[in-house]
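Report on one structure; see the data block that follows.
Computed from the coordinates by the stated procedures, all read-outs in this text should not be read as laboratory data. All values derive from a computational prediction rather than experimental measurement. So basically every Cβ, Gly included, is an ideal-geometry build from the backbone, and we count neighbours across all protein chains shown.
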Amino acid sequence: MPSVISVIDDDLSVRLATNNLLTSRGYTVCIFGSAHEFLQSAELDTTSCVIADVQMSAMSGVDLMMHMRGLGRHTPFIFVTAFPDDAVRERALEAGAVCFLAKPFATPTLIQCLETALSRPDEART
């Protein structure tokens with residue numbers, strides 16, 4: 001079964017660009033405009049990695065990760081943000097985020113983060 005990468009960003013252009021980049025690299029990608037949209041989707045159970053914007057309306061990417069951890073789900077997270085903040089970065093990484101990238105980020109950097117996330121043992125993702 002292929003790895004499903006869920007991209008969650010409230011900016012449609014970022015979702016589409018990330019989708020195009022990852023699908024061109026052979027990944028199966030699902031895109032979502034909000035954390036709530038993702039949480040209500042069937043992909044919640046099939047996602048191997050989440051790439052999420054930090055600042056979104058209603059629920060931030062970091063809050064989404066913390067919510068999922070509270071549900072016992074340890075899906076790897078990669079965060080991207082146009083507004084890097086050291087305190088938010090530290091909170092995300094301490095909570096287990098794989099990477100915290102400032103937009104615009106280099107494609108090789110994102111791919112390396114994704115490969116790191118997907119190489120984690122399966123038990124870390126349950």
- Per-residue Cβ neighbour rank within 10 angstrom, fewest leading, S3, S13, S60: S13, S3, S60
- Which residues' amide hydrogens lie under 5 Å from the amide hydrogen of C30, considering only partners 5 or more residues apart or on another chain, with H built in the peptide plane? I5, S6, V7
- The answer for the net charge of residues other than N20 whose Cβ lies under 15 angstrom from its Cβ, with Lys and Arg +1 and Asp and Glu -1, is 0
- Message: Within a 10 angstrom radius of the beta carbon, how do F105, F77, F32, F83 rank from fewest other beta carbons to most?
- Response: F83, F105, F32, F77
- Task: Would you order I78, I111, I31, I8 from fewest to most other beta-carbon atoms within 10 Å of each residue's own beta-carbon?
- Result: I111, I31, I78, I8
- Message: Check which residues have an amide H placed less than 5 Å from L101's amide H, if you skip close sequence neighbours.
- Response: F79, V80, T81
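Classify the chain as rounded, prolate or oblate, taking a ≥ b ≥ c as the square roots of the eigenvalues of its Cα gyration tensor: rounded when a/c is under 1.5, otherwise prolate if a/b is larger than b/c and oblate if not.
Working: a/c = 1.16, a/b = 1.02, b/c = 1.14.
The shape class here is rounded.
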- Message: Can you classify the stretch 54-126 as rounded, prolate or oblate using the Cα gyration tensor, where a ≥ b ≥ c are the square roots of its eigenvalues, rounded means a/c under 1.5, and otherwise it's prolate if a/b beats b/c and oblate if not?
- Response: oblate
- Item | Cut-off under 5 Å, modelled amide H: who pairs with T46 long-range | none
- Message: What whole-number distance in Å separates the alpha-carbon centres of the stretch 83-120 and the stretch 11-47?
- Response: 16 Å
